Structures are given as C-alpha cells and as structure tokens.
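Quick notes on the structure that follows.
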Amino acid sequence: MQQHFSLADCDVMGFDLDHTLCRYHLPQSARLIYDSFAQYLVTEKGYDKDLLTLAPDSLDFCCKGLVLDIEEGNFLKLAEDGTVLRASHGTKSMTSEEILETYGRREWKHFNTVSGMVSRSAKYYLYDNYFDLPGALLCARVVDSLDQHDGQKKYDFWKDMVAAIQHNYKISAFKEDCGTYFPEVKNHPDKYLQRCPESVKKWLKQLKSAGKILLLITSSHSDYCRLLCEHILGNDFEEYFDIVITNALKPGFFSHTPNQRPFRTLENDEEQEALLSLDKPGWYSQGNAIQLYELLKKMTGKLDPKVVYFGDSMHSDIFPARHYSNWETVFILEELLGDKVTVPAETESEPLEKKGKYEGDQPKAPYFVSKQWGSFFVDRLPGLENAEEALVRTWSCKCISTYSTIAIPSLEAIADLPLDYRFTRFSSNSSATAGYYPSPPRALLPNEESVTMK
C-alpha cells in the first residue's frame, strides 16, 4: 500500500450526512436527544421522573467509545487488547481495585465479538456516534435509579431503551411529528444545525468540476435529509450530488447483498417497489454497495473506480466501507478539536478569555475531554503501582488507525487544500500519529508521555 493518499486519485466521493456534511451544535443536540429518550421512558414506561432533570455538567459522562455491559449495568472504556481501562456502574466510577476485582487484567469477556464490530449484540452496546451518546448517560442514570429502588443485580431496562430510540427515530416519526426529536429540530433548525461553511460548499463544487462523482449516503429518511440539506446547503442542494441515497440502513448497506437490500425509488418520500438494478444517477432509498458500484463503473467508464467515503461512525460508516467494499475512508472525528496541541500562551490568551466567558454559559461539547473518562485516545492501565506506568491506546484509537485512511476533525479542515494534496495514510508506518490531519491528538504525542504500542 502506498504511503500517501490523495483525493485527486479518487473517482468517487461519498459522504455521510449527520455529523459529517451536517454538523450539529452538540451541547444543544445532546440535550435534545437525552430529553427525547427520557420523556419516552418516563411517560410510556413508568421510569422515575427524576430522569427528566439534568445537572448542567452531567453530559461530561458522554464519551465516544464506551461499551455498555447491558446485564451488569457497567460502562467500560477498553484498551486495544480488550483490557478494561476505566469503568463505571451506572454513573458512578469504579475504583482501580473494583475494576481489577470484576474484570481482572485480561480482555473483557465479550471482546472477541466486540472487536469484530460487525454486529450489535444482546449483551453489550457500543456508543460510537453523537446520536447514540446521550443515551449512555440516560442508561447510566437508569441503573442508578434501579439500584436505589430495587437493588438489582441483572438489568432489564435495555428493551425499553431500544423502544425509546425507535419511537424517536423511526422512519415515519418526521412525517407524523411523533416523539420529541424531529418536531423540535423542524421548529428550531438554527438551534441545532450548523450551516455548511462556504469553504466546504465551494470545495464540493470544485470536486464536481474536477470530474468527481459525488454521493450522499445517509441512514436518515428522505424527509429529514431534505430538511437538513436545505438548511445547511440551500434549496439547490441536490445539484451538489450525482446520487443521493437515504434510509441506507448502514452498516447493512455495505454488508448486505442486492437480494437482501434492493434499492427503491421514492415518491413523496414514500418508498416504491424494489429495483432489480441501478441504472442511472438519482435519489434512491435503501440499497446496497454492490449495485451502487456497478453503476459507478458505468458512470466512470472504469473497471475499478476508486471510491472514498467520509463518515463519523466507526460502526456504520468507516469499518463497513473499508471491510466490505474496500473503499478509502476518511473518519470525521470531532474529538480532535477537544484534544488540540497547545499553542504558545501569548497567541491565545485573548481568545481564551472570551472563550471562558462563553463556556461559562454553555455546556461543554461532548468532544471535549471527559473528566470522568479521560482521553478518547489513550489511558493508563488501572492499578499499576509504579509511577512510570505506560499509556496504552484505547480500542477506539486502534480502530481508527486500522480502518481509516485518514482522520480529520471536519470537512472544513481540508476544504482549502489543493485537490492533489498528499495525506500520510495511517497504514504507512508504525507511527501512532500518521493519518491524523491537520495534527495528531496531543495525547498520542511522545513528548507528552511515552505511548507504548503493544
């Protein structure tokens, strides 16, 4: 595999929508998602009303890469070899001693299945994107509440949580004004959605002018997709893309065969009959990467067109696009914004003061380093006595370098680069920091502390 990656070498650019092309105001959207799930649990399932109130700093609990051990009610942060680095029971952090007593210094019992990452499981749930993440805090508070009232040892709340997610995000919810989530975003889009920067809109047009085929592939339904795109790109948003695929049901879009997941046409946002093949560009629903690739061959006139896909979810976007379709993958990782390399004090003193005032009134965005969980990228092994203990990479961090071509904080970070800019790939050498653009997370830099790679 060559050492560098350039967008100029790609024939096709595919984009996820939520948290990739469409960035959200995270503190506001996290609160809305939390509320929409909590409302359902309290009103429909009879859970404690206290779940509806939220302390301002409680969203600090939300950290990407956590795994919920459903039956135990424990949240885990895993090292790349599956060792438990930190854990909490409900919202309450477990001590090093409790972690070692419960999990030992060995890989977590479900790690073999979780490391494949292909499937969700009845035993655990991986939190890897901002639509899911506020649910982690809610589940943790549910565990606290059940412990307080029932002193349970095995937990049975998960089916209710799944029902809450389905109620708020189901396909018909937008149209029916059902649940809390969609009605609120419809009524106050500016509160939750960031408009697409001009630099990114210009970049998308440049990609098309350079002869690239542009795809939008989102698991959001067509009506919500239209609301988002009109708001962030404008009413002419369809002109940016050759093919729009909504309700793509990723990761199944990449892993399923044409028989399992055919494409469907849409009329007034209603899905029509299944298509036997995909013959021309347009707007489609559901579908699969195999038939899409056949169309891309026709459109490019190439036997092996090169596709790059931009997305923010390891589970739904990056892993399946790389594993099943062998596409290049660009991971959108907002955590890079919260883990910046520090610049000399005098250059940032004034903005920091302003920022301080602003942050006093605002809850922190979930990508800032969590006080409870620490860095998304590295951590210490619990319970080691010696002061020289090594930092180890988290399992999330290992996945990034294994399945992403490069990782960037946002599309804006690369929009002004020349099309033939050469990025260093993750797979180009054994460095822990190759592949992060524009700069690696501070936690991974050797001058901070030595990061040992096992």
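The values are calculated or read from the model by the stated rules, or taken from the named source; none is laboratory data. Since we're looking at a predicted model, the values are computed, not measured. Cβ sites come from the backbone with ideal geometry, for glycine too, and all protein chains shown count toward neighbours. For the accessible areas, the whole protein counts, side chains as well, though only heavy atoms, and no ligand, DNA or RNA atoms are used. Shrake-Rupley method; radii C 1.70, N 1.55, O 1.52, S 1.80 Å.
Observations on the model:
- Residue list for segment 261-275, filter: farther than 16 Å from Tyr293 by Cβ and either in contact with a helix residue (DSSP H, G or I) (Cβ under 7 Å, 6 or more places away or on another chain) or not charged (D, E, K, R) (or both): Thr265, Leu266, Asn268, Asp269, Gln272, Ala274
- Among the residues of segment 255-299, those identified as outside any helix (DSSP H, G or I) and of a type in the set (Val, Ile, Thr) are Thr257, Thr265.
- Reported count of residues in segment 231-248, each being within 22 Å of the chain's Cα centre (by Cα) and either among the charged types (D, E, K, R) or outside any loop (DSSP other than H, G, I, E, B) (or both), is 5.
- The residues on offer are Ser199, Ser220, Ser209, and the sole one that is of a type in the set (Ser, Thr, Tyr), open to solvent by less than 40 Å² (accessible area, probe 1.4 Å), over 30 Å from Gln39 (Cβ atoms) and modelled with pLDDT of 95 or more is Ser199.
- The set of residues from segment 97-112 being in a helix (DSSP H, G or I) and open to solvent by 80 Å² or more (accessible area, probe 1.4 Å) comprises Glu97, Glu101, Asn112.
- Candidate set: segment 223-246, residues that are crowded, with 22+ Cβ neighbours inside 10 Å and of a type outside the set (A, V, I, L, M, F, W, C); chosen: the one farthest from Tyr181 (Cα to Cα): Thr246
- Residues that are modelled with pLDDT of 90 or more and of a type in the set (A, V, I, L, M, F, W, C), drawn from segment 97-135: Ile99, Leu100, Trp108, Leu126, Phe131, Leu133
- Of the residues making up segment 403-431, those that are in a loop (DSSP other than H, G, I, E, B) and of a type in the set (D, E, K, R) are Asp416, Asp420, Arg422, Arg425.
- Residues of segment 287-335 classified as free of Cβ contacts under 8 Å to residues at least 40 places away in the same chain and open to solvent by 10 Å² or more (accessible area, probe 1.4 Å), total: 10
- Per-region count, segment 169-186, residues part of a helix (DSSP H, G or I) and touching a Cys at 6+ places or on another chain (Cβ under 8 Å): 0
- Residue pairs meeting the criteria (Cβ under 8 Å; at least 6 apart or on separate chains; first outside the structural domain of Ser93 (by the TED database), in segment 363-377; second assigned to a loop (DSSP other than H, G, I, E, B) and of a type in the set (A, V, I, L, M)): Trp373/Leu66; Ser375/Val369; Phe376/Val369
- Subset tally (residues that are out of contact with any Phe, Trp or Tyr (no Cβ under 8 Å at 6 or more places or on another chain) and on the phi < 0 side of the Ramachandran plot) for segment 133-152: 7
- Positions within segment 158-185 being without any contact (Cβ under 8 Å) to a residue 24 or more places away in the chain and either within 22 Å of the chain's Cα centre (by Cα) or surrounded by 13 or more Cβ atoms within 10 Å (Cβ to Cβ) (or both), in sequence order: Val162, Gln166, Lys170, Ala173, Cys178, Pro183
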